[in-house]
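*Asks:* Handing you a structure now.
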Amino acid sequence: MVTPSTKEPNPQVHRLRKYVLQLQCFVCITLCLAIWRFNCCSEMRRFRPPSPKPVFPNNTNKSSAITVFDMGISDEEWERLQKALDRPGPKEIPPLILSTSPVHSTFSIVGLKESYEVGENISVIIKARDHTNNLKTYGGDFFKAKLFNSKLKASVYGEVVDHNNGTYSVTLLLPWSGQANVFIRLEHSSEVVQILKKYRETSFPRSHYYGHFEGPGPNKTRIEEVVQCNLKWGAEGSWIKGDCCCEYKDIKTGTVWQCETPKTLSCDNLVQHSSGVLENPLNAFEMQFFAKKLTNVHITGDTQIINVLPNTADIGTTERCRSGLTTPVPAGFYLKNVWKSFVCNTQLFNSAQMANCLKNKIVYMMGDSTTRQWFEYLERKVPGIQRMNLHTRHLGGPLMAVELKNNIIIHWRPHGVPLRFYKVLITDLHYIGNDIDNIAGGSHVVVVFTIFAHRVFHPLTFYVHEVAKIRQSVVALLRRAPETTVIIKSGNTAGLKNIFQSDWYALQLNTVMQEMFRDIAGVIYLDVWQMTSCHYLTENIHPAPVIIANEVSMLLSYICPA
């Protein structure tokens with residue numbers, strides 16, 4: 001019997017076989033990668049992400065610089081946004097006595113006549129003066145202008161044009177017959193605007209938030225720990241303190257939320273979110289510019305009553321409400337508390353007409369408490385509609401109302417953090433873009449969103465990032481379901497005029513939203529800024545019921561155009 005040989009193979013032959021095998025594996029992997037890049041990445045080649053040019057906001061060092069890549073836009077779009085947002089002003093903040101004074105600043109009506117006709121314009125010149133009664137030599141003041149008649153409950157907005165030399169001009173339309181008065185107010189001096197700019201991009205957290213952690217304790221008890229939370233934005237974040245940190249990154253949007261690490265519970269035990277304290281960043285020198293007597297104060301000027309005679313010519317519009325329309329100045333006017341739009345042919349809806357308009361519709365409302373006001377208005381006015389018990393808090397939502405006869409479903413949900421709400425489940429706070437990604441769309445679907453009031457506390461660059469993500473989701477929705485109605489509700493004026501909630505901040509965000517969506521076909525931008533700015537009632541972050549009624553009429557006019 002012959003025994004098989006057990007001689008060891010030649011070591012050189014063994015190494016050669018090993019090298020050949022490695023070479024074959026390398027060639028195979030290289031070919032697979034080449035095929036994958038050719039077949040799977042052709043779409044990616046069409047889009048080149050913007051090169052990461054640093055953006056250095058005020059009071060931010062280079063280590064935490066935000067790039068256009070972080071914001072998700074191109075260099076060209078960022079330059080366009082900066083140009084749209086740019087406002088003149090002092091290079092350095094002067095002493096208070098040299099800042100704009102509402103007492104010494106004045107306005108005058110140019111070439112005032114004994115009477116006018118409906119449809120004519122008047123011109124107003126504003127001259128800004130400092131506290132020594134000297135004319136200002138630079139612009140940047142935040143004035144607001146309107147024409148009004150208290151008895152007629154009539155008013156119209158006027159846009160203030162800055163001539164960068166201390167003078168401003170306003171053109172005011174005369175849209176009703178009867179009498180009218182000019183009203184000009186200085187909301188913020190140009191010096192305050194520069195301070196607002198400074199803190200708009202600083203890492204100083206003007207708004208704080210709380211994270212509520214809950215979990216099992218000893219002897220079948222429950223433990224609750226409350227810690228501070230905030231947005232993380234930029235290389236170093238906008239807020240870092242304490243035992244840092246539990247981080248919650250949204251995969252789709254890339255937004256990172258940070259909470260201090262609880263002492264006992266784990267990061268997985270975050271259950272609820274709520275607003276925290278506001279922290280004033282102003283130093284003593286800066287604070288004096290925000291004094292109440294200097295903020296949102298009307299200035300003196302021509303007190304003559306303007307007499308307006310009737311005109312047979314119609315100054316309204318018959319344009320059908322649709323996407324693609326621009327917002328003129330003025331966008332409309334109030335007469336007897338009813339808004340007459342110059343954008344498109346708005347209608348007044350009674351309860352039955354509201355139900356008919358929303359028949360077989362699913363309406364998704366997203367955002368803040370101002371869209372919740374719309375939800376609540378429809379809930380009160382649409383016959384037979386009933387709110388479903390979703391076992392959520394009334395103010396925090398989410399909310400849902402159903403009318404079975406006409407097959408109407410209306411949803412409302414708050415947007416994701418940062419959010420200054422009372423306690424709400426963290427799982428109920430969704431980023432708007434993510435929710436839009438989960439909507440199939442169709443001719444029966446209406447998507448309404450707003451995102452302004454809770455973003456004035458945070459850097460503008462973060463807002464740009466968030467709008468870019470929402471825009472991406474809206475474009476995808478309209479691509480898969482172009483019949484979907486998509487409506488953006490603009491921000492409105494607010495009651496507070498301070499470092500936290502200035503209308504100047506909100507107007508900047510409005511500009512960003514309009515600019516970033518201006519070329520997106522199929523999107524309706526419903527501008528309510530003028531509707532809240534010129535109304536005779538005191539401005540409030542939550543507009544009065546009469547204003548909400550007019551806003552909802554605009555909304556329904558777009559959903560069911562005449």
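*Asks:* Quick one: which strands (runs of 3 or more DSSP E) sit completely within the range 288-388 and have at least 1 residues that are closer than 30 Å to LYS405 by Cβ and of a type in the set (Val, Ile, Thr)?
*Replies:* The strands (runs of 3 or more DSSP E) meeting that bar are 338-341, 362-367.
*Asks:* Can you work out which of the residues in the range 229-245 that are within 20 Å of VAL277 (Cα to Cα), crowded, with 18+ Cβ neighbours inside 10 Å and not basic (Lys, Arg) is modelled with the lowest pLDDT?
*Replies:* The extreme case among them is SER238.
*Asks:* I need the full set of residues from the range 418-438 which are open to solvent by 10 Å² or more (accessible area, probe 1.4 Å) and either farther than 24 Å from ASN540 by Cβ or of a type in the set (A, V, I, L, M) (or both), in order please.
*Replies:* Of everything in the range 418-438, those that are open to solvent by 10 Å² or more (accessible area, probe 1.4 Å) and either farther than 24 Å from ASN540 by Cβ or of a type in the set (A, V, I, L, M) (or both) turn out to be LEU425, ILE426, THR427, ASP428, LEU429, HIS430, TYR431, ASN434, ASP435, ASP437, ASN438.
*Asks:* Of all residues in the range 365-407, count the ones that are more than 22 Å from the chain's Cα centre (by Cα), of a type in the set (A, V, I, L, M, F, W, C) and within 19 Å of GLU551 (Cβ to Cβ).
*Replies:* Counting residues in the range 365-407 that are more than 22 Å from the chain's Cα centre (by Cα), of a type in the set (A, V, I, L, M, F, W, C) and within 19 Å of GLU551 (Cβ to Cβ) gives 4.
Residues are listed down the side, and each one gets a yes or a no for (1) β-branched (Val, Ile, Thr); (2) within 25 Å of the chain's Cα centre (by Cα):
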| site | (1), (2) |
| --- | --- |
| PRO262 | no, no |
| LEU265 | no, no |
| VAL271 | yes, no |
| LEU278 | no, yes |
| PHE285 | no, no |
| PHE290 | no, yes |
| ILE306 | yes, no |
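Rundown of residues vs (1) in a loop (DSSP other than H, G, I, E, B); (2) under 20 Å from ILE97 (Cα atoms); (3) of a type outside the set (S, T, N, Q), yes/no style:
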| position | (1), (2), (3) |
| --- | --- |
| LYS144 | no, no, yes |
| LEU147 | no, no, yes |
| ASN165 | yes, yes, no |
| VAL170 | no, no, yes |
| GLU187 | no, yes, yes |
| LYS197 | no, no, yes |
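*Asks:* For the range 172-185, give me each residue that is surrounded by fewer than 23 Cβ atoms within 10 Å (Cβ to Cβ) and assigned to a loop (DSSP other than H, G, I, E, B).
*Replies:* Matches in the range 172-185: TRP176, SER177.
*Asks:* Report, by residue number, each residue of the range 149-163 that is over 26 Å from the mean Cα position of the chain (by Cα), in a loop (DSSP other than H, G, I, E, B) and touching a residue at least 40 places away in the same chain (Cβ under 8 Å).
*Replies:* Hits for the range 149-163 are SER150, LEU152, LYS153.
*Asks:* Which one is surrounded by the fewest Cβ atoms within 10 Å (Cβ to Cβ), of the residues in the range 471-501 that are at pLDDT below 95 and among the small types (Gly, Ala, Ser)?
*Replies:* Step by step, filter the range 471-501, then rank; the result is GLY495.
*Asks:* Ok, one more. Residue pairs, Cβ under 7 Å, 6 or more apart or interchain, first in the range 387-405 and aliphatic (A, V, I, L, M), second open to solvent by 90 Å² or more (accessible area, probe 1.4 Å) and at pLDDT 95 or above. List them.
*Replies:* Qualifying pairs under 7 Å: ALA401/GLN386; VAL402/GLN386.
*Asks:* Suppose we keep only residues that are more than 27 Å from the chain's Cα centre (by Cα) and not in a strand (DSSP E or B) within the range 124-142. Which one would you say is surrounded by the most Cβ atoms within 10 Å (Cβ to Cβ)?
*Replies:* ALA128
The values are calculated or read from the model by the stated rules, or taken from the named source; none is laboratory data. Only a predicted model underlies this, so the values are computations on that prediction, with no experimental measurement involved. Here Cβ is always computed from backbone atoms with ideal geometry, including for glycine, and neighbour counts include all displayed protein chains. Heavy atoms of the whole protein, side chains included, go into the accessibility calculation; ligands, DNA and RNA do not. Shrake-Rupley method; radii C 1.70, N 1.55, O 1.52, S 1.80 Å.
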